[in-house]
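**Q** What follows is a single structure, and I will ask about it in a moment.
The values are calculated or read from the model by the stated rules, or taken from the named source; none is laboratory data. All values derive from a computational prediction rather than experimental measurement. Cβ placement follows ideal geometry from the backbone for every residue including glycine, while neighbour counts extend to all protein chains displayed.
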Amino acid sequence: MTSPTIPWISADEVYRRVSFGDAVAAYHRDLRAGVDPAHDLPKHIDDLRNGQVLQMPTQSEEFLGVKVVTVAPGNPHRGLERIQGHYLLFDTPTLTPLAIMDGVALTTLRTPAVSAAAADLLAPDECEHLLIFGYGPQAWGHVEALRSIRNITRVTLVARNRDSAQVLADQVTASGIDARVGTSADVADAQLIVCATTAREPVFDGSLAPIDSCVIAVGSHELDARELDTGLIKRSQVFVEDLGHVQLEGGDIMIPVGEGAITLDHVSTLRDLVTGAVDVDPSRTRVFKSSGMPWEDLVVAAEVYRRG
């Protein structure tokens, strides 16, 4: 018997079908409809000789999805992408494959959209200045996602490689928002601060973050790595994707817990935020720590498939 051909959905097609604003709306809709990240399937991360492989399965009543991506830190020096992979979508009732789509495009869309879904509720109404640590695909994605929820008029990029950051700054400027390369001290007048780096230590002095600002950290997914310092976490209202998940991958939170600076009672979840179970405290800086969960991929993958 000849196997049916499974449709391939390219990166361009992923972006054509679902915008960042569409993805933000899908997260709000699904979380309010009952999606509970606490019931997600485990994510598997295995160390390899030249990097890592991540396997991220999850399911809903309608779909089963599995993302497989590799992370090869040495690839940029070879002219290759650091992260590569694909997403396979199945029908839940029969477990029949429905589509394969570009996993990197899905991640580039998913991660900033999750951040924007949180920031839409945590950031001040007026967000004139967005500062981003990093210059890769996630930095670009966060510019696009966050401009879908706020009227951002200027962007500052901070990175060790200033030349690469300038390339992205030029791209952002060409898209209609003034952008420049700056320093970590520029967080002092930013309303939105995004950390999308491979750093293992805090990338800025947390005491500089304005009280009425939203700080998002997405770069790390290991317990011994973080982008935010303990002082910022301790004085902020903190949200994470899931309390169980953060204990496996959230160094930004678990390092302060290990130091005795906070307990997990200090932390609330994205679901509680979106459903209104927890009120936003405007008297404190708001922090959202994300390290990526399988359910987030499935929300966007399902949206991509439905819009085909």
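**Q** Checking P137 against (1) closer than 30 Å to T275 by Cα; (2) at pLDDT 95 or above, which single condition isn't satisfied?
**A** The failed condition is (2).
**Q** I'd like the full set of residues that are among the acidic types (D, E) and either more than 15 Å from P256 (Cα to Cα) or surrounded by fewer than 20 Cβ atoms within 10 Å (Cβ to Cβ) (or both), limited to the stretch 187-228.
**A** Selection gives D189, E201, D205, D212, E222, D224.
**Q** Now for a separate question. Just one of D102, D91, D120 is surrounded by fewer than 24 Cβ atoms within 10 Å (Cβ to Cβ), in contact (Cβ under 8 Å) with a residue 24 or more places away in the chain and touching a strand residue (DSSP E or B) at 6+ places or on another chain (Cβ under 6 Å); which is it?
**A** D91
**Q** When you scan the stretch 216-308 for helices (runs of 4 or more DSSP H) that lie fully inside it, which ones turn up with 2 or more residues that are of a type in the set (V, I, T) and under 15 Å from the mean Cα position of the chain (by Cα)?
**A** Qualifying helices (runs of 4 or more DSSP H): 294-306.
**Q** Can you find a residue that is surrounded by fewer than 17 Cβ atoms within 10 Å (Cβ to Cβ) and in the same structural domain as G85 (by TED's automatic domain parsing) anywhere in the stretch 135-155?
**A** No, the stretch 135-155 contains no residue that is surrounded by fewer than 17 Cβ atoms within 10 Å (Cβ to Cβ) and in the same structural domain as G85 (by TED's automatic domain parsing).
**Q** From the list V218, V278, V257, V238, exactly one residue is touching a strand residue (DSSP E or B) at 6+ places or on another chain (Cβ under 6 Å), in the same structural domain as A123 (by TED's automatic domain parsing) and under 21 Å from P202 (Cβ atoms). Which is it?
**A** V238
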